1. Could you give me the residue pairs with C-beta distances under 9 Å whose first residue belongs to the range 286-309 and is at positive phi, whose second residue is more than 11 Å from ligand 1 (Cβ to nearest atom) and modelled with pLDDT of 95 or more wherever it lies, and which are 6+ apart or on separate chains?
2. Do any helices (runs of 4 or more DSSP H) entirely within the range 273-342 hold 3 or more residues that are open to solvent by 30 Å² or more (accessible area, probe 1.4 Å) and out of contact with any helix residue (DSSP H, G or I) (no Cβ under 9 Å at 6 or more places or on another chain), and if so, which?
3. Does Ala95 satisfy the criteria of being at pLDDT below 90, closer than 21 Å to Gly51 by Cα and within 16 Å of ligand 1 (Cβ to nearest atom)?
4. State whether the residues of the range 142-150 include one that is in contact (Cβ under 8 Å) with a residue 12 or more places away in the chain, touching a helix residue (DSSP H, G or I) at 6+ places or on another chain (Cβ under 7 Å) and within 18 Å of Leu32 (Cβ to Cβ).
5. Ile76 passes all but one of (1) modelled with pLDDT of 95 or more; (2) under 18 Å from the mean Cα position of the chain (by Cα); (3) aliphatic (A, V, I, L, M); which number fails?
6. Please verify whether the range 204-216 includes one or more residues that are surrounded by fewer than 21 Cβ atoms within 10 Å (Cβ to Cβ), within 9 Å of ligand 1 (Cβ to nearest atom) and in contact (Cβ under 8 Å) with a residue 40 or more places away in the chain.
7. If you take the residues in the range 7-20 that are assigned to a strand (DSSP E or B) and within 16 Å of ligand 1 (Cβ to nearest atom), which one is most open to solvent (accessible area, probe 1.4 Å)?
8. Name the residue that is surrounded by the most Cβ atoms within 10 Å (Cβ to Cβ), counting only residues in the range 140-163 that are β-branched (Val, Ile, Thr), at pLDDT 95 or above and within 16 Å of ligand 1 (Cβ to nearest atom).
Amino acid sequence: MRRFFNFITADLAIDLGTAYTLIYMKGKGVVLNEPSIVAYDRNTRKIVAIGNEAKEMLGRTHRDIRTIRPMKDGVIADFEIAEGMLREFIKKIHANWLPSRRIVICVPSGVTEVEKRTVRDSAEHAGAKEVYLIAEPMAAAIGVGIEVDAPVGNMIIDIGGGTTDIAVIALSGIVNEESIRIAGDELNNCIINFFKKNYNMLIGERTAEQIKCGIGSVMPLKEELTIQVKGRDLVNGIPKITIANSAEIREAINEPIQNIMEAIKLTLERTPPEIAADILDRGIMLTGGGALLRGLDERIRLETNLPVFVAEDPLTAVVRGTGKVLENLEKYSKVLLRNKRL
Ligand code: ADP
Ligand code: MG
């Protein structure tokens, strides 16, 4: 009986990402990993599908149903829908009726007090009794096993869907950081525009993402890759197929990649010298889905002359770190973000 009660006070750690939401349950590990997408009825604003199911509907809905990504621009773009999505995800893991739930949830490093409050309120409305916030790059660092409380500097770059967060961490705090709204989504947009301009062809967001993940790269490849692309001809409106290669896609995404490189260099320039020396020894750690882009580590190495590592399983680094914080709240109390009362 006692075990049963221990089980039912399910504490959760949540990575509410712009592309994916991941939930870690205390003592169990990652129990949910689905796209942060909601399909809802335009008239009633009632949610009809979330996650994978809603992703299937993306770009295929009719007049009455709208599909959105409520976290798209970094924090919460649509408060009501985001809260509904969180509540539905928690329901989905059968934890909705569980009492005294603690939730540790992460937020992008550059968020304002109001945005923090919004995230906290959403978690409370979704049923949490105690809510703790942590900065995403801090969670990512803990997730990849960095001793964040040590008196040495570490640089983490998390490239997600909506934002790229670059942070330098030491002594359980963020020494300096840069967050830009250029990340995976922007690469997809560039690919969509490329097909418009060069092939007179309209492709969907999902197709653009498949192209990026399939053949996307930021350094010349030993053997360039090709992919079959389906879309609609912009001139005659008829569906058509073409073949694209990795060299042209690399060119198509070059601008946002350069923006990310500039942000990295800017953060390095602003880093105090002692910590810069630490980064020279320890290198840069890449997390988030963008870390999987072919050759990104090599490109950053080339442009900064620093050692660069891709985290193991970069897509789950943040939720694993947030989970560790949940499991050891005492130990990690210093990394939690405080909310000023508004
Ligand atoms: P968020 O934290 O914002 O939810 P994630 O860290 O989950 O973002 O990363 C999602 C982003 O990573 C998406 O833009 C997705 O297209 C991109 N991504 C996932 N896998 C790959 C891959 N193999 N190559 C390039 N980009 C990828
Ligand atoms: Mg993320």
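The values are calculated or read from the model by the stated rules, or taken from the named source; none is laboratory data. Please read all numbers here as calculations on a predicted model, not as lab measurements. For neighbour counting, all protein chains shown are included, and Cβ atoms are generated from backbone atoms with ideal geometry for every residue, glycine included. Note: accessible area is taken over every heavy atom of the protein model, side chains too, but ligands, DNA and RNA are not part of it. Shrake-Rupley method; radii C 1.70, N 1.55, O 1.52, S 1.80 Å.
1. Gly288/Ile157; Gly295/Met219; Gly295/Pro220; Gly295/Leu221; Gly295/Arg250; Asn305/Leu280
2. Details: elements: 273-282, 296-304, 317-327.
Per the criteria, 273-282, 296-304.
3. Values: at pLDDT below 90: yes; closer than 21 Å to Gly51 by Cα: yes; within 16 Å of ligand 1 (Cβ to nearest atom): no.
It is false that Ala95 is at pLDDT below 90, closer than 21 Å to Gly51 by Cα and within 16 Å of ligand 1 (Cβ to nearest atom).
4. Checking the range 142-150: at least one residue is in contact (Cβ under 8 Å) with a residue 12 or more places away in the chain, touching a helix residue (DSSP H, G or I) at 6+ places or on another chain (Cβ under 7 Å) and within 18 Å of Leu32 (Cβ to Cβ).
5. Failed condition: (1).
6. Looking for residues that are surrounded by fewer than 21 Cβ atoms within 10 Å (Cβ to Cβ), within 9 Å of ligand 1 (Cβ to nearest atom) and in contact (Cβ under 8 Å) with a residue 40 or more places away in the chain, one finds at least one in the range 204-216, hence yes.
7. Here is the first cut: in the range 7-20, the ones assigned to a strand (DSSP E or B) are 12-16, 20.
From what is left, the residues that are within 16 Å of ligand 1 (Cβ to nearest atom) are 13-16, 20.
Working: Ala13: 0, Ile14: 0, Asp15: 14, Leu16: 13, Tyr20: 77 Å².
In this case the residue turns out to be Tyr20.
8. Looking at the filtered set, the residue picked out is Ile156.
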